[in-house]
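First up is the structure itself, then whatever we jot down about it.
Each reported figure results from applying straightforward, stated rules to the coordinates on display, with no laboratory input. The model shown is predicted, which means the values in this text are computed figures rather than measured ones. Backbone-built Cβ (ideal geometry, glycine too); neighbour counts: all protein chains shown.
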Amino acid sequence: MPQQVVTLTLFDEILNSNWMLSGTALNEDGSSDGIPTVSHSGETSLALTGEEGKHVIFQLRSSSQVRLPRDRVLGLSFWLYSREKTLNFDQLLVEVFGSDKVHYWVKGDDSAVIGLETFTGRRLYGLGLNRALEPDTWIRIEILLDPLVYDPNFDEEPVEDLPFEFVTGFSVLFAGGFSGTIYLDEVQVLMVE
Ligand SMILES: [Ca+2]
């Protein structure tokens, strides 16, 4: 029998209560004052504003009702949009965080780190996307963990296997040259039942 894929939605109109957000790409007061509201579905999306180095981290809370065992997590998906500027796929990096100790995100959890500062990172051009994201265009990004390896232009050593127990979070990082606002909508974890 084929495996049933289930999706857990982290953000569509609001952030799912199992998750929290932190990071320098969020608006300071959490409001969207001055930032146009756009959405792929519903009324809103998550606006991220910044330039190189700014980021957001989706963190699974210790009180989370769900757990994300690595062997059941297929990956992540979200819709991505830039209203005014072209976004090149080397200008955004996605990192996945995992733990061998606990099922939730803990700052500085290095139980699953194998000698590298960050767990794993992949620029979007590493996802088979080979052209820039044009302004005013939504595109669905899907990041599957199994084929995920270190971006050779970001980290030096490719790691084919990601040996950890739980997925605990992920981050989206402005990686180079882009400054402005991007939007994420329908942010989901893809799992097998
Ligand atoms: Ca939405």
### Query
What is the calculated FRET efficiency for S22 to T86, with r their C-beta to C-beta distance and R₀ = 25 Å, to the nearest 0.05?
0.35
### Query
How long is the gain from R131 to D146 if the chain were fully straight, where each residue apart is worth 0.36 nm and the alpha carbon distance is subtracted?
3.1 nm
### Query
Working out 0.36 nm times the residue gap between K101 and E43, then minus their Cα-Cα distance, what length gain in nm do you get to one decimal?
17.1 nm
### Query
Between T9, H40, L87, whose Cα lies farthest towards the positive end of the dipole of the stretch 1-92 when Lys and Arg beta carbons carry +1 and Asp and Glu beta carbons carry -1, centred on the Cα centre?
T9
#### Entry: Per-residue HN-Hα couplings for the stretch 89-97 [Karplus 6.51, -1.76, 1.60; θ = phi - 60°; Hz; x = Gly/Pro]
6, 9, 9, 9, 10, 10, 10, 10, 10
